[in-house]
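See below for the structure under consideration.
Values quoted throughout were computed directly from the atomic coordinates according to the rules given, and no laboratory measurement underlies them. What you are looking at is a predicted structure, and each value in this text was computed from that prediction instead of being measured. Glycine also receives a Cβ, built like all others from the backbone with ideal geometry; neighbour counts cover every protein chain displayed.
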Amino acid sequence: MYEAVDTRRSVRAFSDRPVPREALDRVLAAAARTPSSGNVQPWRLYVVSGEPLAEVKRRATLRARAGDPGDEREYPMYPEEMGAPYSERMAAAAAQRYRALVIERDDPLRPRKIGVLNSGAFGAPVVLFCYVDRVMGPGQWADAGMYLQTVMLLLRAEGLHSCPQVMWTMYRKTVSEIVGADDGLVLVCGVAVGYERPDVPALRTGRAEVGETVRFVDALPASALPAPSPQSPSPQIPSPQIPSPQSPSPQSPSPQLPSPLPSATAAPPAALPHDHDRARRVVDHLPADRAQDEA
Ligand SMILES: Cc1cc2nc3c(=O)[nH]c(=O)nc-3n(C[C@H](O)[C@H](O)[C@H](O)COP(=O)(O)O)c2cc1C
């Protein structure tokens, strides 16, 4: 697990070695176990390869080469005002990325070059296009993010690499035309999938110190201590008793409630609906060139 997390990187140079269908099947079957609020599983994934992917890339690349500003955004890639430390982190990552892609910072064609590289999915033979239903809110978008991370980690277990690409939202109409996604769906992003080209140096991005983004809270701060109130003590609400089938209390036998959990020995449910063969199927206040720059 640690190795998968540590070795996942956004790879931007894929070889043309085909991705075995069985590997994708294993990854997507396992990733279906991703948690989601209410278990609604809001992600809808289109796994695109072969001729359809070649056509998506061809049409999107024509648009990128022509300097097309992209389709009207359906969600902001970044907030209008982000400020420190986020803007600094973004600038540092962009500088690193362009150096790796051998694109000069002051190259007037830089946005187009970035667009062209992205629209070719960096040579990946497979792209996963992840959508969510238009009715879904931030909670479900977070679920979709967890799903995609699970997929990307499992790809590592198969020796595969990936690159999430929000850039595809600039060409969302082109993508939807080819994959057949209807208007009820919003494109969150694409994920390029394939084997890494061994002849291109790997780019390992930096991270903030853990202390900058994580805080352990293991003692109540003075501001959160309850103020004493001698007049009216709060009513005593009994704690709910959670029945424990393993160790019933000798004094009070647990009430006969149906166990919410299936027993370890219970037979598996007969026929759960299987979504594998159902097609699994997110702009921007920033000007197109800045969006391309910073995606
Ligand atoms: C939702 C999402 C969208 C992204 N979109 C793009 C993109 O359009 N093009 C690109 O080259 N990288 C894209 N990235 C990759 C980020 O630049 C990368 O994750 C970040 O710089 C950290 O580097 P790492 O993934 O190599 O650890 C995206 C990442 C995420 C999570």
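If we keep just the residues of the stretch 184-200 that are under 18 Å from VAL56 (Cα atoms) and not aliphatic (A, V, I, L, M), which is farthest from the chain's Cα centre (by Cα)? Here the residue is GLY194. Restricting attention to the stretch 75-89 and to residues that are within 25 Å of TYR171 (Cα to Cα) and surrounded by 15 or more Cβ atoms within 10 Å (Cβ to Cβ), the residue that is nearest to the chain's Cα centre (by Cα) turns out to be MET77.
Restricting the stretch 48-71 to residues that are β-branched (Val, Ile, Thr) and crowded, with 21+ Cβ neighbours inside 10 Å, the residue that is nearest to VAL27 (Cα to Cα) is VAL48.
Selection over the stretch 162-186 of residues that are more than 17 Å from MET77 (Cα to Cα) and either in a loop (DSSP other than H, G, I, E, B) or near the ligand (Cβ under 10 Å from one of its atoms) (or both) gives a count of 6. If you go through the stretch 48-74 and keep only what is under 24 Å from the mean Cα position of the chain (by Cα) and of a type in the set (Asp, Glu), you end up with ASP71, GLU72, GLU74. Select from the stretch 1-29 the residues that are part of a loop (DSSP other than H, G, I, E, B), of a type in the set (A, V, I, L, M) and under 19 Å from the mean Cα position of the chain (by Cα) and write down the one among them that is nearest to the ligand (Cβ to nearest atom). Looking at the filtered set, the residue picked out is VAL11. Annotation note: Cβ proximity below 6 Å between a residue of the stretch 8-20 that is under 24 Å from TYR98 (Cβ atoms) and a residue that is part of a loop (DSSP other than H, G, I, E, B) (sequence gap 6+ or interchain) occurs for ALA13/ARG197; ALA13/VAL200; PHE14/ALA124; SER15/TYR195; SER15/ARG197. Residue count for the stretch 90-113 satisfying the condition of being out of contact with any Lys or Arg (no Cβ under 8 Å at 6 or more places or on another chain), surrounded by fewer than 17 Cβ atoms within 10 Å (Cβ to Cβ) and in a helix (DSSP H, G or I): 7. Among residues that are within 12 Å of VAL186 (Cβ to Cβ) and either outside any helix (DSSP H, G or I) or of a type outside the set (S, T, N, Q) (or both), VAL127 is not included.
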